[in-house]
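The values are calculated or read from the model by the stated rules, or taken from the named source; none is laboratory data. Treat the numbers as computed from the prediction; the structure is a model and nothing was measured. A quick note on method: Cβ atoms are made from the backbone with ideal geometry, for glycine too, and the neighbour counts reach across all protein chains shown. To get the accessible areas, we keep the full protein, side chains included, count just its heavy atoms, and leave off ligands, DNA and RNA. Shrake-Rupley method; radii C 1.70, N 1.55, O 1.52, S 1.80 Å.
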Amino acid sequence: HIHHKYHWYNIPVTIDFTSPAHPFNMIRTVATKEDYVVLKIDIDTPEVELPLIQYMLANPDILALVDEFFFEHHVLMQPMVKLGWGAKVNGTPRDSIDIFTKMRNKGVRAHSWV
């Protein structure tokens, strides 16, 4: 039986891992392993996004809760740097592939887009 259930949290993202407003603390509070959890990270701020990704990869309890993951990794790649990302990049396409490979190897269906 499928129930429609999704949540929007209109608050700034924090990388303070002790804060109740940290996205993964919120997921821990509301999700169970029986839920189908889809997580999209698209903050357009690499200094916020990458610590979230690193935290997720380092915490098996979060990986166990997230089923599907979407992430627009801003990497040093043309034409995106020239057409919008500018200096707001962190990493290379190879770094991005490594992130998604690690996620998939840990059981999370991980997807990228530009």
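Structure notes:
- Pair list, Cβ < 6 Å and 6+ apart or interchain, from the range 15-39 residues that are among the small types (Gly, Ala, Ser) to residues that are open to solvent by less than 40 Å² (accessible area, probe 1.4 Å): ALA21/THR14; ALA31/VAL37; ALA31/LEU65
- Every residue from the range 40-58 that is part of a loop (DSSP other than H, G, I, E, B) and either free of Cβ contacts under 8 Å to residues at least 40 places away in the same chain or of a type outside the set (Ser, Thr, Tyr) (or both): ASP42, ILE43, ASP44
- Qualifying residue in the range 1-9 (condition: modelled with pLDDT of 90 or more, among the charged types (D, E, K, R) and farther than 15 Å from PHE70 by Cα): no
- Candidate set: the range 18-76, residues that are modelled with pLDDT under 90 and among the acidic types (Asp, Glu); chosen: the one surrounded by the most Cβ atoms within 10 Å (Cβ to Cβ): GLU49
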